[in-house]
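**Q** Here's a structure for you.
The values are calculated or read from the model by the stated rules, or taken from the named source; none is laboratory data. Model, not experiment: these values are computed from the prediction. Neighbour counts are summed over all protein chains in view; Cβ atoms, including those assigned to glycine, are modelled from backbone coordinates with ideal geometry. Just the protein is used for accessible areas: all its heavy atoms, side chains included, with ligands, DNA and RNA removed. Shrake-Rupley method; radii C 1.70, N 1.55, O 1.52, S 1.80 Å.
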Amino acid sequence: QVQLVESGGGLVQVGGSLRLSCVASGSTFSINNVGWYRQTPEKPRELVARISSGGSTNYADSVKGRFTISRDNAKNTVYLQMNSLKPEDTGDYYCKANSAYRDYWGQGTQVTVSS
């Protein structure tokens, strides 16, 4: 089993920055890819950024050049650095880790970008 805990969300003005953290515990050796997803009342949960066990990354087009995903394996933590935030970045952000057997989700952290 893997447990994921997100943190770092909050209220920020347009153009501001936030850094989200996703800390994993439990059977962390089984984790392959880790992704950050965003959900709003208007849209289903969608992939924002993902990082593989080898460090390869991919991003949604809407966040390319503004968001950076990274991982610190020694701390079992994946980060999402969000810069130049826009109102459309508002939502609940969830961390997902996948292993060979199943996916694990965190409880989410809320991000609100105000204009």
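**Q** Can you give the accessible area per residue of the chain, in Å², using a 1.4 Å probe?
**A** 53 Å²
**Q** If you place +1 on the Cβ of every Lys and Arg, -1 on the Cβ of every Asp and Glu, and leave all else neutral, what size is the dipole of the chain about its Cα centre, to the nearest 20 Debye?
**A** I would put it at about 200 debye.
**Q** Turning to a different aspect of this structure: Please report the net charge: other residues with Cβ closer than 14 Å to the Cβ of Ser17, K and R +1, D and E -1.
**A** +2
**Q** Report, to the nearest whole %, how much of the accessible area of segment 4-72 belongs to carbon and sulfur atoms, 1.4 Å probe, protein only. List each step's numbers first, then the result.
**A** Numbers: 1770 of 3650 Å².
Solvent-exposed carbon and sulfur of segment 4-72 make up 49 percent of the total.
**Q** Taking Cα pairs under 8 Å and at least six residues apart, what relative contact order does the chain come out at, in percent?
**A** RCO, the chain: 37 percent.
**Q** Now, a different point. For Asn73 and Thr57 in the same chain, what is the full-extension length gain: residue separation times 0.36 nm, less their Cα-Cα distance, in nm? Provide the component values of the computation, followed by the final result.
**A** Details: separation 16, 0.36 × 16 = 5.76 nm, distance 1.50 nm.
The Asn73-Thr57 span can extend by a further 4.3 nm.
**Q** Taking 25 °C and 0.890 mPa s as the conditions, I'd like the Stokes-Einstein D for segment 27-68 in µm²/s, using the Kirkwood hydrodynamic radius from alpha carbon pairs.
**A** The calculation lands on 215 µm²/s.
**Q** Is any residue of segment 1-38 close enough, with backbone N under 15 Å, to a label point placed 7 angstrom from the Cα of Ser114 along the Cα-Cβ axis, and if so, which?
**A** It comes to 10-17, nothing else.
**Q** For Arg66 and Val14, calculate 0.36 nm times their separation in residues minus their Cα-Cα distance, and state this gained length in nm to one decimal.
**A** Details: separation 52, 0.36 × 52 = 18.72 nm, distance 1.27 nm.
Between Arg66 and Val14, full extension yields an extra 17.5 nm.
**Q** Given the options Gly54, Gly26, Gly35, state which has the largest fluctuation in a GNM of the chain using a 10 Å cut-off (strictly under) for Cα springs.
**A** For the chain, modelled as a Gaussian network with Cα springs under 10 Å, the answer is Gly54.
**Q** What does the highest-first list of 74-86, 57-69 look like by mean Cβ count within 10 Å?
**A** The peptides rank, most packed first, as 74-86, 57-69.
**Q** Still on this structure: Mind jotting down a quarter of the surface of the convex hull over the alpha carbons of the chain, in square nanometres, one decimal?
**A** For the chain, averaging the hull's shadow over all directions gives 6.7 nm².
**Q** Moving on. Read phi for every residue in segment 61-78 and hand back ³J(HN,Hα) as whole Hz from Karplus 6.51 cos²θ - 1.76 cosθ + 1.60, θ = phi - 60°, with x for Gly and Pro.
**A** 4, 5, 10, 4, x, 10, 10, 9, 9, 8, 9, 10, 5, 5, 9, 6, 10, 10
**Q** Search the structure for amide H atoms under 5 Å from the amide H of Gly108, placed 1.01 Å from N in the peptide plane, and list their residues when 5 or more places away or on another chain.
**A** Correct list: Glu6, Cys95.
**Q** For Thr40 and Ser99 in the same chain, what is the full-extension length gain: residue separation times 0.36 nm, less their Cα-Cα distance, in nm?
**A** 18.6 nm
**Q** Quick one: what are the phi-derived ³J(HN,Hα) couplings along segment 85-92, Karplus 6.51/-1.76/1.60 with θ = phi - 60°, whole Hz, x for glycine and proline?
**A** My calculation for segment 85-92 gives 5, 10, x, 6, 7, 4, x, 8 Hz in order.
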